[in-house]
Amino acid sequence: PDRKLYIVDSLGASSGSGLLVSYLIDMRDSGESIDKCFEWAEENKLNVHHWFISTDLTSYRRGGRISSTSFFFGKLLRICPLMNMDYNGKLIPRKKIRTKEKALVELVNMFSSHANDALNYNGKCYISHSASLNDAKKLKGYIEESFVNLKAKVEIYNIGTVIGSHTGPGTIALFFMGDKRID
């Protein structure tokens, strides 16, 4: 009954919200007050980047987010959409990339373009996947080769059932701290 409770809309999802909470736990464990943690969360929630690719467009077609024609040509051309969360917490398509391999490399490019201190980034990094553990491990390898100053290992998680039902199998997501999301 004598507890303080703050509600923060992370304007994110999945492991992006988990990444924000992980930093707050570190702050709590180092002795910061709940008021300071709340203030930090509000000031930094838009610095959590959420970048996604999907290698299977079936769930997008079933959910009505793409037409049957787009699905057909996307599958034929092996298109992997690159998406991220905008400043309103909405998932926005950014690029159509041909082949999964190029899409994984583009995730690393987005990381280096937006991360705090670019390739010198030393914060936390999470990867989530939906039935794509090998691809998640491959992305982890690319990141650990490029970002040699990471303090902790890149952590890999499964995408939950709610997000997974929207994106389907073949989804890989990358989460890190970086510049403010502005659009």
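The values are calculated or read from the model by the stated rules, or taken from the named source; none is laboratory data. Computed from a predicted structure; not experimentally measured. We place every Cβ from the backbone using ideal geometry, glycine too, and count neighbours over all the protein chains shown. Ligands, DNA and RNA are stripped out before the accessible areas are found, and what is left, the full protein with its side chains, is counted by its heavy atoms. Shrake-Rupley method; radii C 1.70, N 1.55, O 1.52, S 1.80 Å.
A few remarks follow.
- Point-to-point label distance, ASP183-GLU101, nm (Cα→Cβ direction, 7 Å offset): 3.2
- Compared with the direct C-alpha span, the chain from LEU133 to VAL148 gains 3.2 nm at full extension, assuming 0.36 nm per residue.
- The stretch 79-169 - percent relative contact order, Cα under 8 Å, separation 6 or more: 24
- Extended-chain gain in nm, criterion 0.36 nm per residue less alpha-carbon gap, LEU91 and TYR157: 21.8 nm
- Dimensionless Rg/Rh of the chain - Kirkwood Rh, Rg from C-alpha atoms: 1.00
- Distant-in-sequence amide contacts of SER132, defined by a placed amide H-H separation under 5 Å and a gap of 5 or more residues or a different chain, comprise GLY170.
- With all protein chains in place and a 1.4 Å probe, the accessible surface of the stretch 90-183 carries 54 percent carbon and sulfur.
- Of the chymotrypsin sites (Phe, Trp or Tyr not before Pro) in the stretch 86-145, those whose Cβ has at most 16 other Cβ within 10 Å and which sit in DSSP loop: TYR87
- For TYR157, residues with placed amide H under 5 Å, excluding near neighbours: ILE127, SER128, HIS129
- Residues with amide H under 5 Å from that of GLY123, placed H, sequence gap 5 or more: LYS151
- Dipole of the stretch 1-128 [Lys/Arg +1, Asp/Glu -1 at C-beta], most positive-end residue of ASN109, SER54, PHE38: SER54
- Between 0 and 90°, nearest 10: helix 34-44 axis offset from the chain longest Cα axis: 30
- The angle separating the long axis of helix 133-146 from the principal Cα axis of greatest extent in the chain is about 60 degrees.
- To the nearest ten degrees, helix 14-29 and the longest principal axis of the Cα atoms of the chain are 20 degrees apart.
- Take the Cβ atoms of ASP2 and GLU42, set R0 to 30 Å, and the FRET efficiency comes out at 0.80.
- Note, ³J(HN,Hα) from phi for the stretch 67-82, Karplus 6.51, -1.76, 1.60, rounded to Hz, x at Gly and Pro: 6, 4, 5, 4, 4, 4, 5, x, 5, 4, 8, 6, 7, 10, x, 9
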